[in-house]
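Accompanying notes for the structure given below.
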Amino acid sequence: MYNSKITGLGYYVPENIVTNDDLSKVMDTNDAWIKERTGIQERRHVVKGDGDTTTTMGVKAAKVAIERAGIDKDDIDFIVFATLSPDYYFPGPGVLVQRDLGIKTIGALDIRNQCSGFIYGISVADQYIKSGMYKNILVIGSELHSHGLDMTTRGRSVSVIFGDGAGAAILSREEDTSKGILSTHLHSEGQHAEELALIAPGMGKRWVTDIIEDNDKDDESYLPHMNGQFVFKNAVVRFSEVIMEGLQANNLDVSAIDMLVPHQANLRISQFIQKKFKLSDEQVYNNIMKYGNTTAASIPIALTEAWEQGKIKEGNLVVLAAFGSGFTWGSAIIKW
């Protein structure tokens, strides 16, 4: 039996910065209103025609992760791509990454678990490596939200939250089973599926404004819907449960956590969890202020930044946790 360890990390975000003041020019909102409710100050949006897509952003993040892992692209045995905003309805972006990176004809798996997508991807990759089937797996979380957001006052409760970006990790075989990914824990509760959902397809090459123009302009099934208070209440419960589940599975106490990297859904959720577990600011990494909620990309972007800034060191206990649409949630316990 092997363990898997993260040997390379990378991320990419579009250059275009969209501030809260920018949003106030197209909808009835303001900087104070957004910051009070979400903690977000700015986010990144792709610019139409700039070439950034869910796949290309994922490829850019992957190239950084591969270089940092010190491997060649052809050392990768498998690709796992997590997103809710694929370039095409089908095929998924996993095979597009294989093509664009020029990797040999390895397997590629697409994961549709929204905010929990990267943790689900890490879990799948971890099991493949533990079984001995693969040695190096590329896991990507990438999202292009901005094409599908309702950038009017009607959609402000959702549209102010989300940003575009991608993060990637290389998971490699580790023979020392006391290091690397110690365990992952996954859950779902489909009875609440419609509380945070996008009912109608799809992103693709068309902007949501184009779709609405061709259909009933009042048909909101083409737009993301979120019951914000209900999602918040469920998130804080499930975050707490799944973090404790992971710690208990490894006979660890909360005091063992060196770094918690939560999904960047809402700064208020992260602060609630931090306070509940009595963690210091140095034990929790948040960057939602700069990037908004990038869904499947949020944890790998935040994890990469925390590592780049020296906040994660060898021997640290790192906890990843996410909750989102589905509902799905999960955690990963990692000995760095």
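The values are calculated or read from the model by the stated rules, or taken from the named source; none is laboratory data. Not measured: the values here are computed from a predicted model. Methodologically, a virtual Cβ is constructed for each residue, glycine included, from the backbone with ideal geometry; neighbour enumeration extends over all protein chains shown. SASA here: full protein model, heavy atoms, side chains in, ligands and nucleic acids out. Shrake-Rupley method; radii C 1.70, N 1.55, O 1.52, S 1.80 Å.
Rounded to the nearest 5, what % of the DSSP beta bridges within the chain are antiparallel ones?
Roughly 70 percent of the DSSP beta bridges within the chain come out antiparallel.
Toward the positive end of the charge dipole of the range 91-173, about the Cα centre and with charges on Cβ (Lys, Arg +1; Asp, Glu -1), which of 115, 172, 98 goes farthest?
172
Between 61, 82, 30, whose Cα lies farthest towards the positive end of the dipole of the range 29-112 when Lys and Arg beta carbons carry +1 and Asp and Glu beta carbons carry -1, centred on the Cα centre?
Of 61, 82, 30, it is 30.
Test of understanding: express the Cα radius of gyration of the range 276-336 as a ratio to 2.2 N^0.38 Å, with N the residue count. Before the final figure, lay out each step's value.
On the way: Rg = 12.2 Å, N = 61, 2.2 N^0.38 = 10.5 Å.
Against the compact-globule rule of thumb, the ratio is 1.16.
Can you tell me which aspartates and glutamates have their Cα less than 15 Å from the Cα of residue 73? Leave out same-chain residues fewer than eight positions away.
Correct list for residue 73: 100.
Full-extension gain between residue 237 and residue 282, please, as 0.36 nm times their residue separation minus the C-alpha to C-alpha distance.
Working: separation 45, 0.36 × 45 = 16.20 nm, distance 2.27 nm.
Answer, rounded to one decimal: 13.9 nm.
Any chance you could check the Cα centroid distance between the range 137-166 and the range 24-50 for me, in angstrom?
One Cα centre to the other: 11 Å.
Whole number please: convex hull volume per residue of the Cα set in the range 58-99, in Å³?
74
I need the calculated FRET efficiency for the pair residue 268 and residue 27, taking r as the beta carbon distance and R₀ as 22 Å, to the nearest 0.05. Walk me through the numbers on the way to the answer.
Numbers: r = 21 Å, r/R0 = 0.95.
Working from the Cβ atoms, E equals 0.55.
Find the all-direction average of the projected area of the Cα convex hull for the range 232-336, expressing the result in square nanometres with one decimal place.
Values: hull surface 24.0 nm².
Result: a mean projected hull area of 6.0 nm².
How much accessible area does residue 47 have with a 1.4 Å probe, in Å² rounded to the nearest 10?
Here the residue's solvent-accessible area equals roughly 70 Å².
Give the cross-link partners of residue 311 among the lysines, using a straight C-alpha distance below 22 Å as the criterion and excluding same-chain residues fewer than 8 apart.
Within the straight-line cut-off, residue 311 pairs with 5, 179, 275, 276, 278, 290, 335.
Assuming 0.36 nm per residue, please report the length gained on full extension of the stretch residue 189 to residue 316 beyond their Cα-Cα distance. Please list the in-between numbers first.
Values: separation 127, 0.36 × 127 = 45.72 nm, distance 3.16 nm.
Using 0.36 nm per residue and subtracting the Cα-Cα distance, I get 42.6 nm.
With label points built 7 Å along Cα→Cβ from the Cα atoms of residue 248 and residue 230, find their separation and express it in nm.
Here the answer is 2.8 nm between the modelled labels.
Where a ≥ b ≥ c are the square roots of the eigenvalues of the C-alpha gyration tensor, would you call the range 1-62 rounded, which needs a/c under 1.5, or, failing that, prolate if a/b is larger than b/c, or oblate? Numbers along the way, then the final one.
Details: a/c = 4.26, a/b = 1.75, b/c = 2.43.
Taking the square roots of the gyration eigenvalues as a ≥ b ≥ c, the range 1-62 is oblate.
By a straight-distance test (C-alpha under 20 Å), which aspartates and glutamates pair with residue 233 as possible cross-link partners, with residues fewer than eight away in the same chain excluded?
36, 189, 194, 195, 241, 245
Compute the FRET efficiency between residue 153 and residue 106 as 1/(1 + (r/R0)^6), taking r as their Cβ-Cβ distance and R0 = 41 Å, and round to the nearest 0.05. Show your work: numbers first, answer last.
Values: r = 47 Å, r/R0 = 1.14.
Efficiency at R0 = 41 Å is approximately 0.30.
Which value, in Å² and to the nearest 10, is the accessible area of residue 244 when all protein chains are kept and the probe is 1.4 Å?
60
So if I restrict to the alpha-carbon atoms in the range 252-302, what is the Rg, and what is Dmax, the biggest pairwise distance, in Å?
Using the Cα atoms of the range 252-302, the pair Rg, Dmax is 10.9, 32 Å.
What percent of all Cα-Cα pairs in the chain falls into each 20 Å bin, going from 0 up to the bin containing the maximum distance?
34, 59, 7
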